[in-house]
Structures are given as structure tokens and as C-alpha cells.
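Remarks on the structure that follows.
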Amino acid sequence: MKAFISYRRQDSAVITGRIYDRLVSAFGDRAIFRDIDDIPAGKDFRAILESEVGKSNIMLVVIGPQWASITNADGNKRLFDPNDFVRIEVESGLKNKYILVIPILALGASMPAANELPESLRELMYRNAVIVRNDPDF
């Protein structure tokens, strides 16, 4: 088993860290990929992300309250930028029929509505989500 964790640092870094720690304690650090821990300095993170998504059986998409609404410096929603790394990760996972993509609704978040997602990510809305709360889950 190899799991890939996709998340936005500005939205859910702390809870993602807790999820990561629990998964590593259960499955080992070689079985769980999270960008902050697993991309060596100086490496092209685009190539690493593409490779790691392709090696994964499971993708956990951690969705916090602002996951779909976070904007770039120009005020545009990042998910609508084709070069946004979270978008690229999730698109790759959804396109690969061998990867189980599981939305993780964290910190009181709900599944984004269709108009909050680019067309290429709307399949995510139909995946059964798991809710993770600070308490009693941690």
C-alpha cells in the first residue's frame, strides 16, 4: 500500500500533519507521501509529485474550510489555475482508475459545490468522504 496526501498548507496543514503521523505509525513512513517531508531539496517537485501519484494506490484529498476558495496573488481561485499543484495532484488521482481517491473533510469543511470546482475535479464530488475532526478523532 502506498498513500499520497494532497492538501493545501494554508487550509489544513496542522490536521494533515496529524493524519500523516497516524498513518506513518500504522503503515511506516515509506508507505505515506506528503510533500513537505518527501521532496528532497533541489529536486523538481513537479516531477516528484507526478511520480508519487502514479505509484500510489490511495490518494487522500484533505479538504479544509477554504480548500476551494484560496486565491493566488491576483485574486483568482487557485483551483481554476491549470498549473495549481493541488489541482494537478487531484486530477492525476481521479484519472487513474487504479487509485482510490478519498476526500477527507477536515475542520468542519463540507464537500465543495460543482461551481466551486473546475470541470476536471467535479468527479471528486461523487466520492464518499470521510470526516476528520480534532475531537474526538484526535
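The values are calculated or read from the model by the stated rules, or taken from the named source; none is laboratory data. This is a predicted model, so every value here is computed, not measured. Cβ coordinates were reconstructed from backbone atoms using ideal geometry, including for glycine residues, and neighbour counts include every protein chain displayed. Surface areas here come from the heavy atoms of the whole protein model, side chains and all, with no ligands, DNA or RNA. Shrake-Rupley method; radii C 1.70, N 1.55, O 1.52, S 1.80 Å.
Just the residues that are hydrophobic (A, V, I, L, M, F, W, C), in a loop (DSSP other than H, G, I, E, B) and modelled with pLDDT of 95 or more, please, taken from segment 108-138. Don't jump to the end; show me each part of the working.
First pass over segment 108-138, keeping only residues hydrophobic (A, V, I, L, M, F, W, C): 109, 111, 113-114, 117, 121, 124-125, 129-132, 138.
Keeping just the survivors that are in a loop (DSSP other than H, G, I, E, B) gives 109, 111, 113, 117, 129, 138.
Within segment 108-138, Ala109, Met111, Ala113, Leu117, Ala129 qualify.
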Query raised in the report: Which one of the conditions (1) open to solvent by less than 30 Å² (accessible area, probe 1.4 Å); (2) assigned to a strand (DSSP E or B); (3) within 23 Å of Phe45 (Cα to Cα); (4) not small (Gly, Ala, Ser) does Leu79 fail to meet, given that it meets all the rest?
Result: (2)
Query raised in the report: Gly93 versus (1) open to solvent by 10 Å² or more (accessible area, probe 1.4 Å); (2) touching a helix residue (DSSP H, G or I) at 6+ places or on another chain (Cβ under 8 Å): which is the lone unmet condition?
Result: (1)
Query raised in the report: Taking only pairs six or more apart or across chains, which ones have beta-carbon atoms under 8 Å, a first residue in segment 77-96 that is over 12 Å from Pro118 (Cα atoms) and without any contact (Cβ under 8 Å) to a residue 40 or more places away in the chain, and a second residue that is surrounded by 18 or more Cβ atoms within 10 Å (Cβ to Cβ) and of a type in the set (A, V, I, L, M, F, W, C)?
Result: Leu94/Val101; Leu94/Leu121; Leu94/Leu124
**Report entry** Close pairs from segment 116-133: first closer than 13 Å to Val90 by Cβ, partner open to solvent by 70 Å² or more (accessible area, probe 1.4 Å), Cβ under 7 Å, at least 6 apart
**Finding:** Pro118/Phe80
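Checking the conditions here, which among Ser6, Ser25 is of a type in the set (Ser, Thr, Tyr), open to solvent by less than 20 Å² (accessible area, probe 1.4 Å) and modelled with pLDDT of 95 or more?
Ser6
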Report task. Quickly run through segment 9-22 and pick out the residues that are of a type in the set (S, T, N, Q) and open to solvent by 40 Å² or more (accessible area, probe 1.4 Å). Result -> Gln10
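Being open to solvent by less than 30 Å² (accessible area, probe 1.4 Å) and assigned to a loop (DSSP other than H, G, I, E, B) is the filter here; which residues of segment 35-71 pass it? Even if it seems obvious, please write down each step before you answer.
Applying the first criterion (open to solvent by less than 30 Å² (accessible area, probe 1.4 Å)) to segment 35-71 yields 49, 52-53, 56, 59-64, 67-68, 70.
Of everything in segment 35-71, those that are open to solvent by less than 30 Å² (accessible area, probe 1.4 Å) and assigned to a loop (DSSP other than H, G, I, E, B) turn out to be Ser56, Gly64, Trp67, Ala68, Ile70.
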